1. Of the numbered conditions (1) touching a helix residue (DSSP H, G or I) at 6+ places or on another chain (Cβ under 9 Å); (2) more than 29 Å from Leu195 (Cα to Cα), Asn307 satisfies every one except a single condition; which is it?
2. Working only within segment 190-235, note down all residues that are open to solvent by 10 Å² or more (accessible area, probe 1.4 Å), part of a loop (DSSP other than H, G, I, E, B) and within 23 Å of Gly251 (Cα to Cα).
3. Could you look through segment 299-324, keep only residues that are open to solvent by 20 Å² or more (accessible area, probe 1.4 Å) and either in contact with a Phe, Trp or Tyr (Cβ under 9 Å, 6 or more places away or on another chain) or hydrophobic (A, V, I, L, M, F, W, C) (or both), and pick out the one that is nearest to Ile224 (Cα to Cα)?
4. Residues in segment 125-135: is at least one in contact with a strand residue (DSSP E or B) (Cβ under 7 Å, 6 or more places away or on another chain) and of a type in the set (S, T, N, Q)?
5. For the subset of segment 422-440 comprising residues that are touching a Leu at 6+ places or on another chain (Cβ under 9 Å) and free of Cβ contacts under 8 Å to residues at least 60 places away in the same chain, which member is surrounded by the fewest Cβ atoms within 10 Å (Cβ to Cβ)?
6. Please give the number of the condition Gly63 fails out of (1) farther than 26 Å from Asn376 by Cβ; (2) out of contact with any Gly (no Cβ under 7 Å at 6 or more places or on another chain).
7. Take Ala135 and decide whether it is in a helix (DSSP H, G or I) and closer than 25 Å to Ala301 by Cα.
Amino acid sequence: MKIATILGTRPEIIKMAPIIDEIAKRGIDQIVLHTGQHYDKEMSDNFFRDLEIPTPDYNIHVGSGTHGKQTGLMMKGIEEVLLEEKPDIVLVQGDTNAVLAGALVASKLHIAIGHVEAGLRSFDMTMPEEVNRRAADVTSTMYFIPTEESAINLLAEGFSHKNLLITGNTVVDACFRHLEIAKKRGFEDESLGDLDIDSMDNILTLTMHRAENVDVKERVINIIGALKELSDMNIIFPIHPRTKNTLENFGLFDDLNDLEHVHIIKPLGYLDFLLLTSKSTLILTDSGGLQEEAITLDVPALTLRYNTERPETVTAGGNILVGSDKDAILENARKILSDKEFAEKMKNAPNPYGQGDSAKLTVDAIEEYYSKGLLNIEAPEDIMGSFTRKMAQITEDITVGEFEVCNDSLIHMVFDGEKMRFPADDLNLNGMMITYDERE
């Protein structure tokens, strides 16, 4: 068996490192292809060495550009590699243009696709990430899903539960793995050394880069207004160059930079940033991945967005959506700082993304699919049969697996009277309402 992993951005490299590790430990043949979507020094070979994973076998050096140009160049380069290497499965992770390009090319070449972190939905089709993850899910063979809620998203879109694998999120594996590396190294960035982070109290780590925040002056003014009043916190802001330019264009950068309790620094390397996150009292962010990392590291998060594709972090109690509402930011930040019980509750929120065994479960599933021949993508030889879609209330002790065998059917949705449930084979359906397809 040969597994190809496609990477394009820093988050993909970080989250796929545990899976690449696991594949290597088992002696499975693998190739790693880097699209070069992110091309700064952090994406150099040094970054892979820092994370203690092999450098990619291929780098197609796409660089930046419009979505269409970037995706097209990626597809051309990925196709050339896949035609040469002929892997049994292509792994893509998340919702980037590399995911879209990899999934489309592999599907056209009839190569099985495994979508790591499948099923996430913001339900906001203005987000390019939402388009990418939906397109990848349409083409996939195997779905490695972080939570039951994400699995139910896919069930609602008509995907068979037979291919949905709730493995948890590799962000947990990655945080544990990489924090140990970061602790061994200590802070290496000079700006963090100058600040003497280890002696600071009440650290608020801020990240802000999304266009819906930084490109809207009114929102930026509200957020900066809240930061001004949080003078009892040490605010560390590794500022994205684009964010800095926008703030300067709005004439707002100096307002923020002149505050004594706000420390604006250049963007940090991943390991330095992870170590900073672990030492923070509070995270204020509009990042998706940082919401996952915060709850994994037991750090309360306030998210500067009005929706999130990580709703599990909110439901679990470790994350609060505050948008750009100045009052909401202040109220919750102050409560985390002053109300010990409230802060502890957020810190101890159960992690919806698992316990750090996602990579193992993912590779276990791939090996099982391969051994059963389920990675072979072939044209059907049988004439398509018909089926009837039905709904039923179940009043007997029978599991999902038993019901499907007895009725030659496929269950789609299960409702227990309060919430939707994932139709795992051993789920007892007694008292539940189901929708299913029955073959004729």
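1. (1)
2. Listed by number, the residues that qualify are His209, Arg210, Asp215, Val216, Ser231.
3. In this case the residue turns out to be Leu321.
4. no
5. Arg439
6. Gly63 satisfies every listed condition except (2).
7. Answer is no for this residue.
Matching residues to (1) under 14 Å from the mean Cα position of the chain (by Cα); (2) open to solvent by less than 10 Å² (accessible area, probe 1.4 Å); (3) not aliphatic (A, V, I, L, M):
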| position | (1), (2), (3) |
| --- | --- |
| Leu104 | no, no, no |
| Ser107 | no, no, yes |
| Glu117 | yes, no, yes |
| Arg134 | yes, no, yes |
| Ala182 | no, yes, no |
| Glu188 | no, no, yes |
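The values are calculated or read from the model by the stated rules, or taken from the named source; none is laboratory data. Note that the structure is predicted; figures quoted are calculated from it, not measured. Here Cβ is always computed from backbone atoms with ideal geometry, including for glycine, and neighbour counts include all displayed protein chains. The protein model used for the area step is the full one, side chains on, heavy atoms only, and it has no ligands, DNA or RNA in it. Shrake-Rupley method; radii C 1.70, N 1.55, O 1.52, S 1.80 Å.
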